[in-house]
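**Q** Starting off with a structure, shown below.
The values are calculated or read from the model by the stated rules, or taken from the named source; none is laboratory data. All figures in this text were calculated on a predicted structure; none of them were measured in a lab. When we count neighbours, we look across all protein chains shown, and the Cβ atoms used for this are built from the backbone with ideal geometry, even at glycine. For accessibility, only protein heavy atoms count, side chains too; no ligands or nucleic acids. Shrake-Rupley method; radii C 1.70, N 1.55, O 1.52, S 1.80 Å.
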Amino acid sequence: AQLSCLARLLGAKNLTADFGRFPPDLLLFFDPSEVPPGTCGEFYARASRGNLDLLPRGSSRRTRLLRGARTCLGVRSSRLDPRQLGSLGALVCDMEPGTIPASHPGILQNLKLCPALTGAQQDALNALLLTGGTEYGDPSSWDLQTLQDLGPLVLALNRTTLSLVAKAAREDFIRSIVATYSSQGHSQQEKSLILLRAFAAAAASSHPRLKRSTDSCQSKPITANTIATDSSLFLHYSPEQFNACLSNDVLMENLEALLNQMFTVEFYNVMKEKVDQVYPSGIPEEQLRRLGEVARRYSEKEISQWSVTSSDTLAALLDPSKGDWDDSQVQQLLSRFLTLEGTLTGPLLRDIGGRRLCNLQEEQVEQIPAEAIRTAGQLNISACSQAKKEQLYRKARVAFAGLAGTPSTYYCQLRPYLGGAPAEDLKDLANAGEAIDMDMGTFLSLNPKELQKLSVMDVKNLLGKNLPELKKAENEPLVMGWVERQSQRELDRILGICLQGGMEEPTGTTTPAPPTTTASVTSTATSPVPT
């Protein structure tokens, strides 16, 4: 939003022509119609290096940007030549899948800039690569360097393409990923696991599998030494042989070391089965803390039987670095913890996150102590029901009561929870004698029923220096509903920002009209209220 406002400001000052001075991200928000025709090619070449994710896919601004680029560069068909590709950059990401095989093979460099490709685009990419007519040649000739040169495009390779790549090249590539896996961030690890699953599927389709008629280990038994020295077990064992060659004792004694390796879901399912065999009557709490990614393989029904009484256990299970949970699993995990009289703390609330916190039942939210809210940091509870917002606000108010003497600090702590605040408390903030400068995002998150109870002066005092933002938000339903219930004279006299839509003073008399029911009044400045 800040970039968009800045771009409009620069356009108003006729600085669009001097676009070379501004970063590519900012150019995405410029109005293409204001770019001089003679320099449009340079403009789009620079803008295309910006982060397209700043503009939602399919949004009018992003669509207008691509349309302007096509017009400027003379794109009249699906085929793009090298000159056009050079100027379009990441804007190619929004073009039709048919553009990929129809264009110059250099389009692969553009596709590397795409945050994500649609399924149809991935199919088109693989079709192009299978022709062997790109700079990478036929997939059967690819080696480790080729796979690395493909960069992010390797994530889009399908099983057909990968099955043509030599086994040695695939294994070398996977080993290169495994070598850096432990040092990768969570999002990069997710991409690495996607690659692992794709390469494992390709290996399964291109090589005969061991017979499943026997449960015996037909490979080398997996020992503690095997786990310590071989970081690519999934390359040397199928899930069936991993099950046959790994004893339950070796698994439990080396669980942490195994979970530091990369595995597909099938391998984690094998580990889960073995854990259940070791503890048929239920997994001890101290063992739950060790499960990591394996814990994510348990159903809600199974989780409902866990012994989760310690906040340390819950924190270990919720650790995001150990893998992602489904919302329903987290809901069951928290329900089980609270049923066993566990207490939610601030750090736990941070691990749970505001969105999942909103999935709790109201009686469970009531169990959260105010102290936990105080130490939880900024939680986003926008997804909560109004009733839960009000519950959490009451707890936040208690948690930060000691800061009430310094309104600006008090507001900063209460801000995530103000969607549940009653009008009386909002009035107190507005008239605390110190500007809190409420941002428009927080203002628009207020309870509409409570906002209607605020006077024009209350709103002015709440927004402070951010009052001009109210004019920009005048078409928001929340703002429109509030404005309709205010006197237009007061809106003009107190706010002075040309906010329209309030109630006009009755005409034909100098005496205010007697009070009437206003629930159905929807008058505007052009429809006076009758005396």
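**Q** Every residue in the range 249-263 that is of a type outside the set (G, A, S), at pLDDT 90 or above and open to solvent by 40 Å² or more (accessible area, probe 1.4 Å), please.
**A** Of everything in the range 249-263, those that are of a type outside the set (G, A, S), at pLDDT 90 or above and open to solvent by 40 Å² or more (accessible area, probe 1.4 Å) turn out to be D249, E253, E256.
**Q** Give the residues of the range 438-494 that are assigned to a helix (DSSP H, G or I), acidic (D, E) and closer than 20 Å to Q413 by Cβ, sorted by residue number.
**A** Initial filter on the range 438-494 (assigned to a helix (DSSP H, G or I)): 440-444, 448-451, 456-466, 468-472, 477-483, 488-494.
Checking which are acidic (D, E) leaves us with 450, 458, 469, 490, 492.
Answer for the range 438-494, where residues must be assigned to a helix (DSSP H, G or I), acidic (D, E) and closer than 20 Å to Q413 by Cβ: just E450.
**Q** Limited to the range 1-26, what total is found for residues that are at pLDDT below 80 and under 24 Å from R83 (Cα atoms)?
**A** Residues meeting the conditions: 7.
**Q** Pairs, please: C-beta under 8 Å, at least 6 apart or cross-chain, first residue on the phi > 0 side of the Ramachandran plot and in the range 362-380, second at pLDDT below 95 and open to solvent by less than 30 Å² (accessible area, probe 1.4 Å)?
**A** Going by the 8 Å Cβ cut-off, the qualifying pairs are G377/G346.
**Q** Of everything in the range 376-402, what is open to solvent by less than 50 Å² (accessible area, probe 1.4 Å) and not in a loop (DSSP other than H, G, I, E, B)? Give them in sequence order.
**A** A387, K388, K389, Q391, L392, Y393, K395, A396, A399 - these are the residues of the range 376-402 that are open to solvent by less than 50 Å² (accessible area, probe 1.4 Å) and not in a loop (DSSP other than H, G, I, E, B).
**Q** Taking S48 as meeting all but one of (1) buried (at least 16 other Cβ atoms within 10 Å of the Cβ); (2) farther than 21 Å from A116 by Cα; (3) polar (S, T, N, Q), write down the number of the exception.
**A** The single condition S48 does not satisfy is (2).
**Q** Condition first: open to solvent by 30 Å² or more (accessible area, probe 1.4 Å) and either within 14 Å of K465 (Cα to Cα) or among the aliphatic types (A, V, I, L, M) (or both). Now tell me which residues in the range 442-452 satisfy that.
**A** Listed by number, the list holds a single entry, L444.
**Q** Right, another one. Would you check which residues across the range 332-347 are within 21 Å of I381 (Cβ to Cβ), assigned to a helix (DSSP H, G or I) and open to solvent by 10 Å² or more (accessible area, probe 1.4 Å) and list them?
**A** Q332, S335, L338, P347
**Q** So K427 ticks every box in (1) under 21 Å from I381 (Cα atoms); (2) at pLDDT 95 or above; (3) part of a helix (DSSP H, G or I) but one. Which box is left unticked?
**A** (1)
**Q** Which of (1) without any contact (Cβ under 8 Å) to a residue 60 or more places away in the chain; (2) in a helix (DSSP H, G or I) is the odd one out, the single condition Q305 does not satisfy?
**A** Evaluating Q305 over (1) without any contact (Cβ under 8 Å) to a residue 60 or more places away in the chain; (2) in a helix (DSSP H, G or I) leaves (2) as the failure.
**Q** Among the candidates R355, R350, R290, which residue alone is surrounded by fewer than 19 Cβ atoms within 10 Å (Cβ to Cβ), modelled with pLDDT of 95 or more and either in contact with a strand residue (DSSP E or B) (Cβ under 9 Å, 6 or more places away or on another chain) or of a type in the set (D, E, K, R) (or both)?
**A** Being surrounded by fewer than 19 Cβ atoms within 10 Å (Cβ to Cβ), modelled with pLDDT of 95 or more and either in contact with a strand residue (DSSP E or B) (Cβ under 9 Å, 6 or more places away or on another chain) or of a type in the set (D, E, K, R) (or both) holds for just one of R355, R350, R290, which is R290.
**Q** I would also like to ask the following. Kindly provide the set of residues from the range 86-108 that are surrounded by fewer than 20 Cβ atoms within 10 Å (Cβ to Cβ) and within 14 Å of A45 (Cα to Cα), ordered by number.
**A** G86
**Q** Same structure again: Looking at S310, S238, S304, S232, which is the one that is exposed (fewer than 14 other Cβ atoms within 10 Å of the Cβ), among the hydroxyl-bearing types (S, T, Y) and either in contact with a helix residue (DSSP H, G or I) (Cβ under 8 Å, 6 or more places away or on another chain) or at pLDDT below 95 (or both)?
**A** Values: S310 fails: exposed (fewer than 14 other Cβ atoms within 10 Å of the Cβ); S238 fails: exposed (fewer than 14 other Cβ atoms within 10 Å of the Cβ); S232 fails: exposed (fewer than 14 other Cβ atoms within 10 Å of the Cβ).
Criteria check complete, one pass: S304.
**Q** Answer yes if at least one residue in the range 217-228 is surrounded by 15 or more Cβ atoms within 10 Å (Cβ to Cβ), among the β-branched types (V, I, T), assigned to a helix (DSSP H, G or I) and modelled with pLDDT under 90, and no otherwise.
**A** Taking every residue of the range 217-228 in turn, none turns out to be surrounded by 15 or more Cβ atoms within 10 Å (Cβ to Cβ), among the β-branched types (V, I, T), assigned to a helix (DSSP H, G or I) and modelled with pLDDT under 90.
**Q** Taking the range 416-441, which residues are within 24 Å of the chain's Cα centre (by Cα) and either within 17 Å of G481 (Cβ to Cβ) or surrounded by fewer than 18 Cβ atoms within 10 Å (Cβ to Cβ) (or both)?
**A** Of everything in the range 416-441, those that are within 24 Å of the chain's Cα centre (by Cα) and either within 17 Å of G481 (Cβ to Cβ) or surrounded by fewer than 18 Cβ atoms within 10 Å (Cβ to Cβ) (or both) turn out to be G419, D439, M440, G441.
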